[in-house]
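What follows is one structure encoded as structure tokens, with my remarks underneath.
Just so you know, all these numbers are worked out from the coordinates, no wet-lab data involved. Remember, predicted model here, so these are calculated numbers, not experimental data. Here the Cβ positions follow ideal geometry from the backbone for every residue, glycine too, while neighbour counts run over all protein chains shown.
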Amino acid sequence: MTLDEAIEQFHRYIADERRMAPGTVQNYMADLHDLADWLRPQQVVDLDDLTARDVRSWQMEHLGRGEAPGTVKRRLSSLSSFFRYLRRHGIFEVDIMAKVAPPRQPKRLPVFFKESELEHLYDEGLFADDFLGRRDRLMLRLLYETGIRRAELAGLREESADLSALTLKVLGKRNKERLIPIESELAHNISEYLALKHQEMGESPWMFVDRKGRQITPAGVYSTVRKYMTTLSNADRISPHVFRHSFATHILNEGGNIQAIKELLGHADLATTEVYTHVTREHLTEVYKHAHPRANKTYKPK
């Protein structure tokens, strides 16, 4: 079997059988086709001709272009899923990726917005008093108060919000559903927004729509966040995902349970959530340094 044929078979598997998110499928395919295109001039076309050395050389090619180690590591993850699929289905028996070490990358703690910065989301004057302004206000509040991903926000339907039960049903990665509690004020905001949406934009199953009444895209969510938060925050990064980090960090700072945060975020592994404990330790250290009268005393040997 050629590499291209195997990639196409894997494409059908993750898109049709596994029903992975379109963005995930797109990333996997981009990485695999990139590998195939890179190997073709070297006459490596069939799976049986592919070796771990080829994958390592491809990896070094990307690193040599100045690509971030984290991006290269993500590319290797796509390859790992691909070759694992091939082994499970008896198409390719060699565990190539066992001989490919991912690049080391510095541990980077999650960036989050300060609570004082996010308080401005509740200032009435920040948003225009029209449909788009009220839509933007609700989108940003939902990102902060639920910690959902931007693709999850874009995928919300009107029926996702159970306003009487005060819950939000979210379709996460790998089509896993989870229920997130919402407070009564947010439920009231959703109810008011939906009434305005029906009046201004007509009927649509999607909770958030653009100015033409079409389902908002993840890119649309990103640009909305950038529009407001670049003026409100001095965080190193501004993106919808920073709201997710803020949600988890602020709950943990107030004594929230790490296991509960894991479930709210929809993480499969607790280790993914535990990174926020490091952020909290740094926060507590800063509070101690600024607040305790003995914190900055320097020891002087006698």
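Structural remarks
- If only the Cβ of Lys and Arg carry +1 and only the Cβ of Asp and Glu carry -1, the dipole of the chain around its Cα centre is close to 1320 debye.
- Rounded to 10°, Cα long-axis angle of helix 52-64 versus longest principal axis of the chain: 50
- Enclosed volume per residue, in Å³, of the convex hull spanned by Cα atoms of the stretch 115-289: 124
- In degrees, nearest ten, helix 184-201 long axis to first principal axis of the chain (Cα): 80
- Relative contact order %, the chain, counting alpha carbon pairs below 8 Å whose residues are six or more apart: 17
- Sequence-distant residues sharing a close amide H with ASP46 (under 5 Å, placed H): LEU3
- By the Kirkwood approach, averaging reciprocal distances over each pair of separate Cα atoms, the stretch 3-99 gets a hydrodynamic radius of 13.7 Å.
- Between THR217, THR231, THR273, the Gaussian network model of the chain with springs among Cα atoms under 10 angstrom shows the greatest mean-square fluctuation at THR231.
- Of all stretches in the chain that contain no GluC sites (Glu not before Pro) in a DSSP loop with at most 14 other Cβ atoms within 10 Å, the longest one is 94-182.
- Note on the chain: with a GNM built from Cα contacts shorter than 10 Å, the maximum mean-square fluctuation among GLY172, GLY90, GLY256 falls on GLY90.
- Each stretch of four or more DSSP H residues adds -39500 (n - 2.57); spread over every residue of the chain, this sum gives -17000 deg cm²/dmol at 222 nm.
- Comparing ALA187, MET20, MET60 along the charge dipole axis of the chain, the residue lying farthest to the positive side is MET60, per the Cβ-charge model.
- Crossing angle, helix 240-253 versus the chain [Cα axis fit, 0-90 degrees, rounded to tens]: 60
- Along its first, second and third principal axes, ordered by size, the stretch 76-129 spans 62, 30, 13 Å in Cα coordinates.
- Simple spin-label estimate for LYS227 and ALA101 gives 4.8 nm between the two label positions (7 Å along the Cα-to-Cβ direction from each Cα).
- Amide proton proximity set for THR167, modelled H, under 5 Å, gap of 5+: ASP162, ILE182
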